[in-house]
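Encoded as structure tokens, the structure appears first; notes follow it.
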Amino acid sequence: MANRIVLGLIALLATAAIALVAVPADQQGPMVVENFFVPASGTSIEVTVLRPSGPGPFGVVVLNHGVGATREERLRESPAFLLRSAAAFAARGYAVVMPLRRGFGGTGGVYAESPGSCRDPDFRSGERAAAADVLAAYAFAQKLPYVDPSRMILAGQSAGGVVSLYAASESPPGLRAVIAFAAGRGADASGQPGVPCAPAALAGLFAEMGKAIRVPTLLYYAENDLFFGPSTARLWFGRLHEGAPDAELVVQPAFEANGHFVFTDPDGQRSWLPAVEDFLRRHDIGFRTTTRI
């Protein structure tokens, strides 16, 4: 991945390492990277913040990663994989908070969010565990001195999109919007392209989340998502929309070989960023500055 930054780990709980970093050439800078360990779920999770330099106050995007198929992939998870996408928000006036949930990357420990067997998945239990970590990072972020705690956004990619929706359904204070990119669980790389494991079971959880979410919601997919194709995306959105009639769905044209990665691919910003900017502007939480992409 281009322009990755190797992020150092911290030894002290909830103590920050702060650095000014150069950002990709198509962003404004410098920006500040801070690393923390934050108490969560009886342990501590690694949280990385990318923010504009200066005192703020900044709104916050709590940006949540997906899930690798194997333990080895999960332990390789890093905020660096989301850094370019995070920089697009930071360049526009947001502090971006990137937690590593239990079982991932520098947090390590037990993987807490497995839904179990594809034949009888328990998605609700898995999302509850994942959301506990996300909401711990969310509450921590609201106490940072440069943060405006009344301008909070939950966002995520793939499984991170689902946990963002679940966390939003718990109505944390200060939440203004939720944005889910290629949101889903149960990706089946060996099966039929675009058809995940147990989509109907996850649709039931989408229906529950839709009844509880009280903020503007955007789901964003690509037509050629090889894990969660447009039929699946529309099924899940339709169930969410039953309880959240103001929720919005974007299914963009095909993007490169697998549209599942449009959010994290550098070229994908030309597609998703205008849609997100329009969504936030219409709900009065728009970007504070604009930068050419």
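A compact table of results
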quantity: Residue list for the stretch 123-168, restricted to those being touching a helix residue (DSSP H, G or I) at 6+ places or on another chain (Cβ under 8 Å), of a type in the set (S, T, Y) and not in a helix (DSSP H, G or I); calculated: S158
quantity: The lone exception for P266 - which of (1) surrounded by fewer than 16 Cβ atoms within 10 Å (Cβ to Cβ); (2) more than 17 Å from I179 (Cα to Cα); (3) more than 19 Å from the chain's Cα centre (by Cα) it fails; calculated: (3)
quantity: Candidate set: the stretch 206-221, residues that are among the aliphatic types (A, V, I, L, M) and in contact with a Leu (Cβ under 9 Å, 6 or more places away or on another chain); chosen: the one surrounded by the fewest Cβ atoms within 10 Å (Cβ to Cβ); calculated: A207
quantity: Set A187, A200: member being surrounded by fewer than 24 Cβ atoms within 10 Å (Cβ to Cβ), of a type in the set (G, A, S) and touching a residue at least 40 places away in the same chain (Cβ under 8 Å); calculated: A187
quantity: Yes/no for S150 being at pLDDT 95 or above, among the small types (G, A, S), closer than 29 Å to S53 by Cα and surrounded by fewer than 24 Cβ atoms within 10 Å (Cβ to Cβ); calculated: yes
quantity: Hey, R288 more than 17 Å from the chain's Cα centre (by Cα), closer than 25 Å to L82 by Cα and touching a residue at least 60 places away in the same chain (Cβ under 8 Å) or not; calculated: yes
quantity: Evaluation of A180 against (1) crowded, with 17+ Cβ neighbours inside 10 Å; (2) among the aliphatic types (A, V, I, L, M); (3) more than 20 Å from Y166 (Cβ to Cβ); (4) modelled with pLDDT of 95 or more (one fails), failing number; calculated: (3)
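The values are calculated or read from the model by the stated rules, or taken from the named source; none is laboratory data. Being a predicted model, the structure only gives us computed values, none of them experimental. Every residue, glycine as well, gets a Cβ built from its backbone with ideal geometry; the counts of neighbours run over all protein chains shown.
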